[in-house]
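Read the structure below first, then the notes.
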Amino acid sequence: MFSFLRNLFTGKMQAPPIVAPAKQGAGNAKLQRLQELDEIDAALRKIIAISPEKMEGRLFILSLEGHRARFGNTWGYVGEKAIKTAKTALREKLASVDIMVPVNEGIDYIVMVGGGPKREAAATAFRIDQAIMFAVTGEDLGPLGVSAKAVIYDAASDSMSFRPLSYLDLQRGTKVETKTQIDLESELADEDDDDEDAFPTADAILEKIRFEPRPVMELDRGVLAMHRLTPLSSMFGEGGAGRDLLGGFDDPKLRAKLDLRALRSARELVKDLFSRMATEAILIPVGFETLANAYTRGLLVKLAQRYPVPVRKFLVFELTDIPNGLAQNRFSEIVGILKPFGSGTMLRLPVEFKEFRDISDIGAAGVICDSAFSPSDEMMAFCEAAKMQRIRLCVGGIADRGAAQSARGNGFDLGYGPAFENS
């Protein structure tokens, strides 16, 4: 305090430091963007001056401004990498006749699409913008994420305007115009589609499907091993299997609904077996995608939890539609979902499958061949590969007693088909 007063009266106080004037626009994002837009305007005019006719409908502005605003203060850390990634993505997408001019140190890009018909130029710029966004963010933001703008130059007034690209530009670029302009859609106008009952819908087929138990026999002893719930449709006759009918539909919810109905249909049969103190099990089909999807898996587990613990020993799940190249840990995870609700899982695999060593440690109760039985070399190889890993095998489509004996001789332990359904 005393030293401060002494310096004050003796004139030894130091003058305040001179602060350098701030750079114009620094710290003001809006003012900085206005300056960058001025640079874009100047660069565009130089390019248009080369050949206004050639540039018409082919000149576009692509920008990283949206990403810079999104990252905010952290742009300084990621901006350099983002700009470099954008330039690389642009070079990969542009053809030799196209022109790319970076502006504002790589924040904006002027692109002239020189190749192809003029009507496709906007679609090309649309796809390039999508590619840049995916390269920079790693996210596919879809058509709504595109920020590219088409440059419209009016030579009469020497003015420029900008039109944002939309999904319509992408659709226009994919249209094919012919010289004769044949309207093929008019050929469909005379089609009588008023009768909605002409063809059954997927829901209509599903409503006609019922599940009935069919015997699965032990081939060596000729005794009943389990009941297999088989989907049948009265709409297509007794031979129409519901799973085969729905196999052509893309909606996974329809197939999941079939799995839920199978589990629900087994309730009465389980009650009957439990009351008779029977020892047979019930084989219930469950699709792999039903378990892989979180929503449908939750519904299936919720329904399976309604089975009392003492009666779950009667449930064996038939895991169907298993994708190729599935990782073993993912396989084990899916099989583990069913484990608390049954006594085992049978894997339905195609006849060309041979890598049984990869599934020997998963804990499956056995494997069901996806093809009907036939004494072919491919099926024999299927059996030999499975038996080397001591895996229990089951096959369907056994038509008569001779086929049953042949299947047993080839190494199958269980079988089902018309030969056992009427006995």
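Structure notes:
- Taken together, A82, A125 contain a single residue that is under 21 Å from R45 (Cβ atoms) and either open to solvent by less than 30 Å² (accessible area, probe 1.4 Å) or not basic (K, R) (or both), which is A125.
- Residue list for the stretch 37-66, restricted to those being closer than 26 Å to G79 by Cβ, hydrophobic (A, V, I, L, M, F, W, C) and either surrounded by fewer than 20 Cβ atoms within 10 Å (Cβ to Cβ) or within 39 Å of the chain's Cα centre (by Cα) (or both): L37, A42, A43, I47, L59, F60, I61, L62, L64
- Set side by side, the residues L315, L300, L269 differ, and just one is touching a strand residue (DSSP E or B) at 6+ places or on another chain (Cβ under 9 Å) and over 19 Å from E212 (Cα atoms), which is L300.
- Residue count for the stretch 389-420, restricted to those that are hydrophobic (A, V, I, L, M, F, W, C) and in contact with a Phe, Trp or Tyr (Cβ under 7 Å, 6 or more places away or on another chain): 7.
- Where a residue in the stretch 37-64 is closer than 21 Å to A86 by Cβ and in a strand (DSSP E or B) and its partner, wherever it lies, is among the acidic types (D, E) and modelled with pLDDT of 85 or more, with Cβ under 8 Å and at least six apart: I61/D108; L62/D108; L62/D129; S63/D108
- Cβ-Cβ under 9 Å pairs, at least 6 apart or on other chains, the stretch 340-354 side under 15 Å from A385 (Cα atoms), far side of a type in the set (F, W, Y) and at pLDDT 90 or above: L349/F382; P350/F382; V351/F382; E352/F382; F353/F382; K354/F382
- Scanning the stretch 410-423 for residues that are open to solvent by 80 Å² or more (accessible area, probe 1.4 Å) and of a type in the set (D, E) returns a single hit, E421.
- Cβ pairs under 7 Å, 6+ apart, first in the stretch 208-230 and under 17 Å from A399 (Cα atoms), second open to solvent by less than 30 Å² (accessible area, probe 1.4 Å) and of a type in the set (S, T, N, Q): R214/T230
- Of residues in the stretch 279-302 being farther than 18 Å from T345 by Cα and surrounded by 13 or more Cβ atoms within 10 Å (Cβ to Cβ), the one modelled with the lowest pLDDT: N293
- Listed conditions (1) farther than 12 Å from F317 by Cα; (2) open to solvent by less than 40 Å² (accessible area, probe 1.4 Å) are all met by G342, apart from (1).
- Within the stretch 299-310, residues that are outside any loop (DSSP other than H, G, I, E, B) reach partners that are crowded, with 16+ Cβ neighbours inside 10 Å and among the polar types (S, T, N, Q) with beta carbons closer than 7 Å, at six or more positions or on different chains, in the pairs L300/T290.
- Verdict on L34 being under 33 Å from the mean Cα position of the chain (by Cα), among the hydrophobic types (A, V, I, L, M, F, W, C) and modelled with pLDDT of 85 or more: no
- Of all residues making up the stretch 385-409, the number that are open to solvent by 70 Å² or more (accessible area, probe 1.4 Å) and under 17 Å from I368 (Cβ atoms): 4
- Residues of the stretch 405-423 satisfying the condition of being among the aliphatic types (A, V, I, L, M), closer than 19 Å to M380 by Cβ and touching an Asp or Glu at 6+ places or on another chain (Cβ under 8 Å): L414
- Residue match in the stretch 204-217 (condition: in a helix (DSSP H, G or I), open to solvent by 70 Å² or more (accessible area, probe 1.4 Å), modelled with pLDDT of 70 or more and charged (D, E, K, R)): yes
- Check on F317, closer than 25 Å to A385 by Cα, part of a loop (DSSP other than H, G, I, E, B), touching a residue at least 12 places away in the same chain (Cβ under 8 Å) and among the aromatic types (F, W, Y): no
- Filter result for K118 (touching a residue at least 24 places away in the same chain (Cβ under 8 Å) and touching a Pro at 6+ places or on another chain (Cβ under 6 Å)): no
- Candidates K54, K87, K46, filtered to the one that is closer than 29 Å to G138 by Cβ and among the basic types (K, R): K87
- When restricted to residues that are open to solvent by 50 Å² or more (accessible area, probe 1.4 Å) and either acidic (D, E) or touching a helix residue (DSSP H, G or I) at 6+ places or on another chain (Cβ under 7 Å) (or both), the stretch 354-376 contains 7.
- L90 hydrophobic (A, V, I, L, M, F, W, C), surrounded by 18 or more Cβ atoms within 10 Å (Cβ to Cβ) and in a helix (DSSP H, G or I): yes
The values are calculated or read from the model by the stated rules, or taken from the named source; none is laboratory data. Just so we're clear, the structure is a prediction, and the values are computed from it rather than from any experiment. Because the Cβ atoms are built from the backbone with ideal geometry, glycine has one as well, and the counts that use them run over all protein chains shown. Ligands, DNA and RNA are stripped out before the accessible areas are found, and what is left, the full protein with its side chains, is counted by its heavy atoms. Shrake-Rupley method; radii C 1.70, N 1.55, O 1.52, S 1.80 Å.
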